[in-house]
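Student: First the structure, then my questions, so here it is.
The values are calculated or read from the model by the stated rules, or taken from the named source; none is laboratory data. Keep in mind that this is a model prediction, so the values were computed, not measured. Neighbour counts are summed over all protein chains in view; Cβ atoms, including those assigned to glycine, are modelled from backbone coordinates with ideal geometry. To get the accessible areas, we keep the full protein, side chains included, count just its heavy atoms, and leave off ligands, DNA and RNA. Shrake-Rupley method; radii C 1.70, N 1.55, O 1.52, S 1.80 Å.
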Amino acid sequence: AQSVTQLGSHVSVSEGALVLLRCNYSSSVPPYLFWYVQYPNQGLQLLLKYTSAATLVKGINGFEAEFKKSETSFHLTKPSAHMSDAAEYFCAVSGSGTGNQFYFGTGTSLTVIP
Amino acid sequence: GAVVSQHPSRVICKSGTSVKIECRSLDFQATTMFWYRQFPKKSLMLMATSNEGSKATYEQGVEKDKFLINHASLTLSTLTVTSAHPEDSSFYICSARDRLQGNQPQHFGDGTRLSIL
């Protein structure tokens, strides 16, 4: 069984401050982990992915995440928040097969305060 | 990069109407596509897994006769909401995974906003 938990449904940061969005996973098989961003009335855009290669993964828009097996975590960070980062962020876990479904977290809404 | 096209982006129709939503993978083949439903301020709820050439696999609690899924080719899956009612109003999103890339993520369409009057 697989699942993810996103701690904090709402996160507010000041522009220029560090962004930290938390994701913990549970998986009975080696997981693939993903972070997606969703802007209002749009689909999901992939930020980054972990697929058993490097544990520190760099994505688009300056985001990165680190896979920590000992902590079963895959937290998303960005050193300096920008106003355009305000959006909904989803963490997801899946197995490695092409037919494996994704399990999404409940999402974290990021607000950036000018 | 991989692109999934979802059409239409928005539908407004009367109660009792059936609505078809298309999901196409534009530059890759997808043996499997997924259909999600998203309520306001909520996460994505997987409705069904669409398998090319075979019946879709529905999640528990999703009415297969209400939400008809057809996956006739490796690049097209359709979701038909039959006899839609106001409670079916929602944001529906499809996704697809490249059948040749086992370690690649799902690629999402831009969603369809369905409003039933």
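Student: Find the centroid of the Cα atoms in the stretch A:5-39 and in the stretch B:23-44, then give the distance between the two in whole Å.
Tutor: For the stretch A:5-39 versus the stretch B:23-44, the Cα centre distance is 20 Å.
Student: Further question on the same structure: Count charges around residue B:105 for me, please; just the other residues with Cβ under 14 Å from its Cβ, Lys/Arg as +1, Asp/Glu as -1.
Tutor: Values: positive: A:49, B:97, B:99; negative: B:98.
So the surrounding residues net to +2.
Student: Taking C-beta distances below 4.7 angstrom as the pairing criterion, name the unpartnered cysteines of chain B, in sequence order.
Tutor: B:13
Student: What accessible area, summed over both chains, is buried at the A-B interface (1.4 Å probe, Å², nearest 100)? Before the final figure, lay out each step's value.
Tutor: On the way: alone 6100 and 6530 Å², together 10860 Å².
Protein heavy atoms only, the A-B interface buries about 1800 Å².
Student: Further question: Per-residue mean of other chain beta-carbon atoms within 10 angstrom of the beta-carbon, peptide A:77-88? Mind showing how you got there, number by number?
Tutor: Working: counts 0, 0, 0, 0, 0, 0, 0, 0, 0, 0, 0, 4.
Mean shielding by partner chains, rounded to a whole number: 0.
Student: While we're here: Size of the stretch B:1-66 along its principal axes in angstrom, Cα-based, largest extent first?
Tutor: Over the stretch B:1-66, Cα extents along the principal axes are 35, 26, 26 Å.
Student: Between beta-carbons, use under 13 Å as the cut-off and find the net charge around residue B:90, counting Lys and Arg +1, Asp and Glu -1. List each step's numbers first, then the result.
Tutor: Numbers: positive: B:10, B:37, B:41, B:42, B:66, B:113; negative: B:87, B:88.
Charge balance near residue B:90 sits at +4.
Student: A follow-up question, please. Please calculate the 1.4 Å probe accessible area of residue B:45, with all protein chains present, and give it to the nearest 10 Å².
Tutor: Residue B:45 has an accessible surface of roughly 80 Å² with all protein chains in place.
Student: Per the Cauchy relation, a quarter of the hull surface: what is the mean projected area of the convex hull of the alpha carbons in the stretch B:62-117, in nm²? Mind showing how you got there, number by number?
Tutor: Values: hull surface 18.9 nm².
Directional mean of the projected Cα hull area for the stretch B:62-117 stands at 4.7 nm².
Student: I'm checking a number: the convex hull volume of the Cα atoms of chain B, normalised per residue, in Å³. What is it? Mind showing how you got there, number by number?
Tutor: Numbers: hull volume 11.7 nm³, N = 117.
Cα convex hull per residue, to the nearest whole number: 100 Å³.
Student: Just the number: Rg to Rh for the protein assembly as shown, Cα atoms, Kirkwood Rh, two decimals.
Tutor: Here Rg/Rh amounts to 0.97.
Student: Same structure again: How much accessible surface does residue B:12 have with a 1.4 Å probe, in Å² rounded to 10?
Tutor: 100 Å²
Student: Using a 1.4 Å probe, how large is the accessible area of residue B:26, given in Å² and rounded to the nearest 10?
Tutor: Answer for residue B:26: close to 110 Å² accessible.
Student: Whole number in Å², please: accessible area per residue of the protein assembly as shown, 1.4 Å probe, ligands, DNA and RNA not counted. Could the numbers behind the result be given before it?
Tutor: On the way: 10860 Å² over 231 residues.
So the protein assembly as shown comes to 47 Å² accessible per residue, rounded to a whole number.
Student: If we count every other residue with Cβ under 10 angstrom of residue B:28's Cβ, Lys/Arg +1 and Asp/Glu -1, where does the sum land? Walk me through the intermediate numbers first.
Tutor: Details: positive: B:97, B:99; negative: B:27, B:98.
Once all neighbours under 10 Å are counted, the net charge is 0.
Student: Give me D for chain A in µm² s⁻¹, whole number, from Stokes-Einstein with Rh from the Kirkwood sum over alpha-carbon pairs, 20 °C and 1.002 mPa s.
Tutor: Details: Rh = 14.1 Å.
Roughly 152 µm²/s, to the nearest whole number.
Student: Here's a follow-up. Report, in listed order, any pair from A:78/B:64; A:49/B:66; A:68/B:55; A:49/B:41 with a Cα-Cα distance greater than 31 Å. Each step should come with its number before you reach the end.
Tutor: Values: A:78/B:64 42 Å; A:49/B:66 34 Å; A:68/B:55 38 Å; A:49/B:41 24 Å.
In this structure, A:78/B:64; A:49/B:66; A:68/B:55 exceed 31 Å between Cα atoms.
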